[in-house]
Amino acid sequence: MLRDVLNIWRKEIMDTVRDRKGMTQAIVIPLIIGIFYASFTPMMNKAMTARSEKPLTIPTQGIEFADVKLLEVMSRYGITLEEYEGDLEAVIEKAKKESGLVFEPGFAGDVAEERPASVRLLTNSTAGGIFGGGFSDSRLQLAVSTYNQAVVAERMAARDIDQSVLVPVVLNAENLATPEQLGAFFASFYLPILVAVIVAQGGLFVAIDVTAGEKERGTLESLLATPASDGSILCGKLGAVFTISLIPLVLTVTAFWVVSNVMPPSMAGSTGLPGFVLTGSLLTGIPLALVVGVAQMMMSVRARTFRDAQSGATPLMFGVMIPGFVAAFSPARALWPCLIPVYGPFAALGRMVQAGGLQWDAIALSAAGSVAAAAVLLPVAMKMFSRETLLYGS
């Protein structure tokens, strides 16, 4: 039986390798996705950070009424108030401007006489569109808070009051994240999604080609006429699907790791991806690829044509990718979710990223869940690959 399995495996591998278009789809496309994620996402994060730190210019009316010290504090925080002529409220209401400030007459006088002084902040959250980046008042709030503290300090000093009475508790924050955790942090969101996409697509075209494709070409009947058993045919074809699916998984994750480490910090804005993330992605992704390969074979063998199998593959792809999205948006806190088939590998990967190192208990549970799921699906697949079902099934 082993010789039959190896012969069928070799035959399917050779047929797949000869199909240049299919191999390109299996290898190059996931590789490009991995490089894109590894390079574009850190650069985008850095660009967003730089945007939040660049000088802020706010259209303002009534600057002459503002306190000079407040303007000085805003200048230190990179905030420039630009005098605006015209109907500022109407412009912001029409989303032509994101924000504006209005100082009312008597503002500086109220501050000098220790009366509450207010300034109007006008914003329109729809300005700039979804990705245009609405106005964020965090830096403005920080500048105003700094100014308030300075004014309060002056008033207390004038009354000879110790300023410490206003601060009964001092909070000293310490970041205990390890360098490994910081290095893996930027990948904690989109790495599970990337692995899900690769596993869902890596061996799909092979699974369709060795089942529905052979049906359409009429070569499946010739294979069934050989002395090879039904189990040998299934295992040989499954071995080819599994082997080809590992190629884009290994190449893409490796490319992800390499690109993230060769990019200069000036471009990426973060440290490179630690090696344990690469190892963990492979240790959790390989068993998952086996489960997905069996499911793809079961789905494809029921289709009559290659195109029908491609259409039917969409729900299966979403069935793999959705758990990856769930794990990315809501990482598992407990250990037991790692045992859940399909979701478990992504949960284990998230736990490793958070812990800053390989978590062997999570890896073992995710592998056990994937192997158990494959063991449950294999008998069903074996029944679907029986000669009677393949030759005479509807």
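The values are calculated or read from the model by the stated rules, or taken from the named source; none is laboratory data. This one's a predicted model, so the numbers in the text were calculated from it and none came from an experiment. Ideal geometry is used to build each Cβ from the backbone, glycine not excepted, and the neighbour counts take in all protein chains shown.
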Do the conditions hold for MET317, that is, is it crowded, with 17+ Cβ neighbours inside 10 Å and within 30 Å of LEU234 (Cα to Cα)? yes
Test SER300 against the criterion of being surrounded by fewer than 18 Cβ atoms within 10 Å (Cβ to Cβ) and of a type in the set (S, T, N, Q), and give yes or no. no
Among (1) among the small types (Gly, Ala, Ser); (2) crowded, with 18+ Cβ neighbours inside 10 Å; (3) closer than 16 Å to LEU191 by Cβ, the one test that SER330 misses: (2)
For LEU238, state whether it is modelled with pLDDT under 80, in a helix (DSSP H, G or I) and within 17 Å of ARG10 (Cβ to Cβ). no
Would you confirm, using the coordinates I've provided, whether ARG307 is part of a loop (DSSP other than H, G, I, E, B) and without any contact (Cβ under 8 Å) to a residue 24 or more places away in the chain? no
How many residues, within the range 340-367, are at pLDDT 85 or above, outside any loop (DSSP other than H, G, I, E, B) and surrounded by fewer than 24 Cβ atoms within 10 Å (Cβ to Cβ)? 7
If THR219 satisfies every condition in (1) surrounded by fewer than 24 Cβ atoms within 10 Å (Cβ to Cβ); (2) at pLDDT 75 or above; (3) in contact with a Ser or Thr (Cβ under 8 Å, 6 or more places away or on another chain) but one, which is the exception? (3)
